[in-house]
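Let me begin by presenting the structure, written as structure tokens, before commenting on it.
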Amino acid sequence: MFILTTIEDLIQIKPQDFDVPSAQALKDAINTKYSNKIVQNIGLCLCLWDLIEASEGLIGHGTGLVYVNVEFRLAVFRPFRGEILQGRIKSSTEEGIVLDLEFTSEIFVPHHHLPSPSTFSRAENVWVWDSDGTELFFDKGEPVLFRVEQEEWIDQKPTIVQKDANGVVIEERDTAWRIIGSMSQSGLGPTLWWAEQEQEEEEEEEEEDGVEGDVEMGDIDEE
Amino acid sequence: MHIKNAQSALLSNHELLIHLRAEEAEYAGTDGTYRARPKPKGLKDVLEDTISYLSPSPMPLSDETEQQEDALAAAAAAAAAAAGPAQHLDTLIETHPERPMTLYKGPHSLFRVLAPDYRLNKAEYLQIYNLRPRTVLELDLVIEESSIRFEEHELDDILARINQVLDEEEESIPVGVENQDMSKIANKLLGAAKKKRASARRKV
């Protein structure tokens, strides 16, 4: 779910940081600029991985800032299509379930990607899967496995900055990136469902072994 | 800003966790240099959240009487199942404290253990490192069309080999093997593109 991206960028070092070793100053500047930010078509940048190359610093006009051309690798969160990930259920609505991976909550599982006879229970605000008569709940806070189906990139246009009565800037932006997931395959969904099933299967197998005794599977004609 | 390579490498959760913990130690001054410095705000959130995602704290066990031992064991099993895949990363770090690359390169890596007999693609190897499937059901999620590509006993064998590699202690692996040049296994990665001559000859 994590990748490395190689980026070349112009980094500014402030005069306050001149006494710090340059690698450290560059690292702090890159982390300030990229950490926890979404870069279009790249993903959610986490932190600097390593510095590959840095040019000599040039001082610009007017300010004392030193400009350095740096090539570096960033650790980025970008799951590929079909990857199985683990998360927790954050909230559910009629349209689907929002999943939460602690560092991001932009994962949405629409209702048509839930196992097929699923209904939304408005009373408890959870989705319920009716599997052969047993009702299984997608409870809030439950750890689940899901598969990544696709991702949506939403363009962030610059908007007029709005301020409320006290002059505080109101940030109203939709997310730039959303992952659409699916929990419809068997094995996906809350991990507890399948852990219980595994225990039941093991118990059944033990009972069967007791009954069958020395009969080997090879002896049974399976055609 | 110029993006030179949008995806220059894939990282496993284990590798990223090691890196993030090292970053955390560096900024907190606990890496032996005692030079703590404040983290940029975005980095602080990222480190906190991602480290907590990759190494969840186990559920606290409350005081239980002997009569409730069964309930306790069931709760512990549920906690292990609930913590799920991320829990095994700490095991990997314990078993491979000094030389994590023995997991990924050299004769003790998952690739060398599985590739001679089974063809899996890179995405499947990566997910095995991240999720550590322990049952055939979980393996079926990771490997596409597993019932068509492999027999039941082959899937069990794959699971056994995964357990063997990921449980192995570092001390039993000879020093330096991960850096040795291994013979190339031709096209054993499913979906490995045929490289042009020029780039194939270039050494990293």
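The values are calculated or read from the model by the stated rules, or taken from the named source; none is laboratory data. What you are looking at is a predicted structure, and each value in this text was computed from that prediction instead of being measured. Backbone-built Cβ (ideal geometry, glycine too); neighbour counts: all protein chains shown. Side chains included, ligands, DNA and RNA excluded: accessible areas come from the protein's heavy atoms. Shrake-Rupley method; radii C 1.70, N 1.55, O 1.52, S 1.80 Å.
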Legend entry - Shielding by partners, peptide B:46-56 (average Cβ within 10 angstrom, other chains): 5
Inset, instruction - Find the accessible area per residue for the stretch A:2-77; the probe is 1.4 Å, ligands and nucleic acids are left out, and the unit is Å². - result: 47 Å²
Inset, instruction - Select from the stretch A:40-102 those trypsin sites (Lys or Arg not before Pro) which occupy a DSSP coil region and have at most 13 other Cβ atoms within 10 Å, ordered by residue number. - result: A:Arg81
Inset, instruction - Kindly write out, for the stretch B:90-99 in residue order, the coupling ³J(HN,Hα) from the Karplus curve 6.51 cos²θ - 1.76 cosθ + 1.60 (θ = phi - 60°), rounded to whole Hz, with x marking Gly and Pro. - result: 5, 4, 4, 5, 5, 7, 10, x, 9, 10
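How far, in nm, would the chain grow between B:Ser52 and B:Val175 when pulled straight, counting 0.36 nm per residue and subtracting the alpha carbon separation?
Net length gain for the segment: 41.1 nm.
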Legend entry - Apportionment of accessible area to carbon and sulfur, the stretch B:100-184, percent (1.4 Å): 48 percent
Legend entry - Cα-based Rg and Dmax for chain A, where Dmax is the largest Cα-Cα distance (Å): 25.8, 89
Inset, instruction - Name the residues whose placed amide hydrogens come within less than 5 Å of the amide hydrogen of A:Trp177, ignoring near sequence neighbours (fewer than 5 apart) on the same chain. - result: A:Ile154
Inset, instruction - Estimate for me the total accessible surface buried between chains A and B (protein heavy atoms, probe 1.4 Å, no ligands or nucleic acids), in Å² to the nearest 100. - result: 4100 Å²
Inset, instruction - Pull up all non-local amide H partners of A:Trp49: gap of 5 or more, or a different chain, and H-to-H distance under 5 Å with H placed in the peptide plane. - result: A:Arg73, A:Leu74, A:Ala75
Inset, instruction - Would you please give the FRET efficiency between A:Glu135 and A:Ser91, computed as 1/(1 + (r/R0)^6) with r the Cβ-Cβ distance and R0 = 22 Å, to the nearest 0.05? - result: 0.65
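Per-residue Cβ counts within 10 Å, from other chains only, averaged over A:26-35: what number is that? Intermediate values should be presented prior to the final figure.
Working: counts 0, 5, 6, 1, 2, 10, 5, 3, 5, 9.
Per residue, the number of nearby Cβ atoms from other chains is 5 on average.
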Legend entry - Gyration tensor (alpha-carbon) shape descriptor, the stretch A:65-184, a/c threshold 1.5: oblate
Legend entry - Value in Å of the Kirkwood radius, where the stretch A:13-141 supplies the Cα pairs that are averaged: 18.5 Å
Legend entry - Residues of the stretch A:37-52 with amide N under 16 Å of a point placed 7 Å along Cα→Cβ from B:Thr33: A:48-51
Inset, instruction - Return the distance in nm (one decimal) between the two label points of a simple spin-label model at A:Gln24 and B:Asp157, each offset 7 Å from Cα along Cα→Cβ. - result: 5.4 nm
Legend entry - Summed side-chain charge close to B:Gly42 - residues other than B:Gly42 whose Cβ falls under 10 Å, Lys, Arg +1, Asp, Glu -1: +4
Legend entry - Fraction of accessible area attributable to carbon and sulfur, the stretch A:2-77 (%, probe 1.4 Å): 53 percent
Inset, instruction - Could you check how much of the accessible area of the stretch A:84-198 is carbon and sulfur, as a whole percent, using a 1.4 Å probe? - result: 47 percent
Inset, instruction - Using a cut-off of under 19 Å, list every residue of the stretch A:83-111 whose amide N is near the label point 7 Å from the Cα of A:Asp174 along the Cα-to-beta-carbon line. - result: A:93-99, A:105-111
Legend entry - Accessible area in square angstrom per residue, the stretch B:10-56, 1.4 angstrom probe: 45 Å²
Inset, instruction - Using amide H atoms built 1.01 Å from N in the peptide plane, name the residues 5+ places from B:His108, or on other chains, whose amide H lies under 5 Å from its own. - result: none
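Let me check I've understood the local charge: for A:Val109, count other residues with C-beta under 15 angstrom from its C-beta, Lys and Arg +1, Asp and Glu -1. What total comes out?
Local charge sum for A:Val109: -4.
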Inset, instruction - Kindly identify the stretch A:2-77 as rounded, prolate or oblate by the Cα gyration tensor criterion: order the square roots of the eigenvalues as a ≥ b ≥ c, call it rounded if a/c is under 1.5, otherwise compare a/b with b/c, prolate if a/b is larger, else oblate. - result: prolate
Inset, instruction - Can you check what the net charge comes to around A:Thr32, using other residues whose Cβ is under 13 Å from the Cβ of A:Thr32 (Lys, Arg +1; Asp, Glu -1)? - result: +4
Legend entry - the stretch B:3-17 residues near the modelled A:Leu51 label - backbone nitrogen below 20 Å, point 7 Å along Cα→Cβ: B:3-5
Inset, instruction - Determine, from the Cβ-Cβ distance of A:Thr159 and B:Arg149 and an R0 of 51 Å, the FRET efficiency 1/(1 + (r/R0)^6), rounded to the nearest 0.05. - result: 0.50
Inset, instruction - List the GluC sites (Glu not before Pro) within the stretch A:107-185 that fall in a DSSP loop (any state other than H, G, I, E or B) and whose Cβ has at most 10 other Cβ atoms within 10 Å. - result: A:Glu171, A:Glu172
Inset, instruction - Could you run the Karplus curve 6.51 cos²θ - 1.76 cosθ + 1.60 with θ = phi - 60° over the stretch A:146-158 and give me ³J(HN,Hα) per residue in whole Hz, x for Gly and Pro? - result: 9, 10, 7, 9, 7, 10, 10, 9, 10, 5, 9, 7, x
